[in-house]
Amino acid sequence: MEKLIVAQVVVLLVITGSLGGMFVYTDIYEDVQTKIVETICLSCAKLDTNLPVKFTFETANGKDHPDFIVDILKNKGPILIQYGEKACAACEDMIYNIIQPHFEIEFDKTYSFDVDIDIHGLNFTYVYIYIDDPATSQVRIDSYDVYDIEHIRGFPMFTVITIEYDHSGKIKPYYASLYGKFEKNNNYPKMIQTFTELIETSMELWDRNIAGYDV
Amino acid sequence: MRLQIKRLWSQIVFLIGANLGALGLRTGFCYPFFYCHACPAAPAACPLRAIEKAFYDYSFEWKLLLYPVLTLGFVGTLTGRAVCGWACPIGFLQRGTGHVAKKIRKKDFVQKIGQHRIEPFFRYIKYIVLIGTVVVTSYFIKFMFTDICPVGMIVGTFPLLTVYPGKFVPNDFFIYALVVLILFFILIFIIERGWCRYFCPIGAILAPFNKVSFVNVEVNQEECLHCNLCSVVCPMGIDVPNMNRDPECILCGKCIEKCPAKVIKFERIKWKN
């Protein structure tokens, strides 16, 4: 009996100590909170392919556009953001069937990065935000909520951002978000066409408005 | 208050607790039982999802593996698999289907399954499911248990499709998950606690902790009448008089209530003999 009690106490102390240590010395709590609990896992459901794509000025959570977005808009041009996470089949599908081959981007899906694209007559900055990359800044992870216009918290999400006159006559960031694999039956040519049209619209708006864009 | 009534209240309280996300609560904890973080009202993470992410696609993240295992280990060391019997919402669901299962248990074919000599080996399936579909297939072929999880479908997918109408549609895994869900319901209707006995990966993690838990069920062998009533009522199909900290025991207490000689009881840590 004494042996069992010793074993029980040792096991409890080891587990409690390790768990407590993880809470104190690692960011596991925040990781699980932001990357699992607050993110909808779509194992046997996926984001609807027929959600409308609409440009808007209003951010999804009412907060301002992040500085890194404003900087790119001011200095470079329109932006295409892809938000991805680990264990997301649709994210990988979109990367390997559209983003990588069509825009000819060198890709490591586990690292966040920005790259300027100039291909097929399209000029824009591609921003890949992989929330499970430890090097991804919190500002970039939090930007998901700024553009999650349907308040879904699902992945992948794509956001095209440009600038346009708002109703008050001031030039502001203007964006549209697309969710999941946004065409039925893996219709990749149609998805590429959608991206192309959105980026062309964004480029046109950016070219027209950049002279008056004052941050 | 009768023990089973207390257990019922406990299950109701934990079911409510498992859905506190409906009030906006989103924590970074893992559930110590089976519940899906994809549930629109979930305030915590599914331990299996964390483990899958730890191993997904040739990767290994020790934090995502240790965190859920230690969480389950902490609860398991204190109470063993009592969470299965007293807290798990899926256990609660099977409590509801258990009455039907008890009636069906009298049918010949179910008795044959229950009494078949290989039935005890079925209990190892949950360890195979845990290692096979949560770890190995996630690592090598990116197929995860949660892709076809019946619990995820009940508390995650269906509520998701309902709460966000028009925003989600079934994907490629949906049909497979639906088949697994149907099999899940057939199982829990023909075998009492069939899911917990044979397939639950969370139960597989918790089960070994029954051997060292501070709370367990003890039978006084010397005063036992060997009437076997305890084994008959045991939802996990354990040979109660001969169990010695059986990994399958969920500490539901049905045997304690049924024992005519009152020789079965919950045993807590003994500091003195």
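The values are calculated or read from the model by the stated rules, or taken from the named source; none is laboratory data. Everything numeric in this text was worked out from a predicted model, so none of it was measured. As a convention, Cβ positions derive from the backbone with ideal geometry for all residues, glycine included, and neighbour counts pool all protein chains shown.
In table form, for the structure just shown:
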item: Failed item, numbered, when B:M236 is tested on (1) in a loop (DSSP other than H, G, I, E, B); (2) at pLDDT 95 or above; result: (2)
item: Count - residues of segment B:135-160 that are farther than 16 Å from B:V180 by Cα and either buried (at least 22 other Cβ atoms within 10 Å of the Cβ) or not hydroxyl-bearing (S, T, Y) (or both); result: 8
item: Tally of residues being free of Cβ contacts under 8 Å to residues at least 24 places away in the same chain, farther than 20 Å from A:E92 by Cβ and either among the aromatic types (F, W, Y) or not in a helix (DSSP H, G or I) (or both) across segment B:127-183; result: 4
item: Of residues in segment B:33-73 being under 17 Å from B:K126 (Cα atoms) and aliphatic (A, V, I, L, M), the one surrounded by the fewest Cβ atoms within 10 Å (Cβ to Cβ); result: B:V69
item: Only listed residue being away from every other protein chain (no Cβ under 14 Å), closer than 17 Å to B:K167 by Cα and in contact (Cβ under 8 Å) with a residue 12 or more places away in the chain, chosen from A:F158, A:F113; result: A:F158
item: Residue list for segment A:162-177, restricted to those being closer than 19 Å to A:M94 by Cα and crowded, with 22+ Cβ neighbours inside 10 Å; result: A:S177
item: Any helices (runs of 4 or more DSSP H) falling wholly within segment A:12-107 and containing at least 3 residues that are modelled with pLDDT of 90 or more; result: A:28-32, A:67-75, A:100-103
item: Counted residues, segment B:6-35 - those being touching a helix residue (DSSP H, G or I) at 6+ places or on another chain (Cβ under 9 Å) and away from chain A (no Cβ under 12 Å); result: 12
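Okay, residues lined up against (1) away from every other protein chain (no Cβ under 14 Å); (2) part of a helix (DSSP H, G or I); (3) not aliphatic (A, V, I, L, M):
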site	(1), (2), (3)
B:Q4	yes, yes, yes
B:H37	no, no, yes
B:K63	no, yes, yes
B:L72	no, yes, no
B:V75	no, yes, no
B:G85	yes, yes, yes
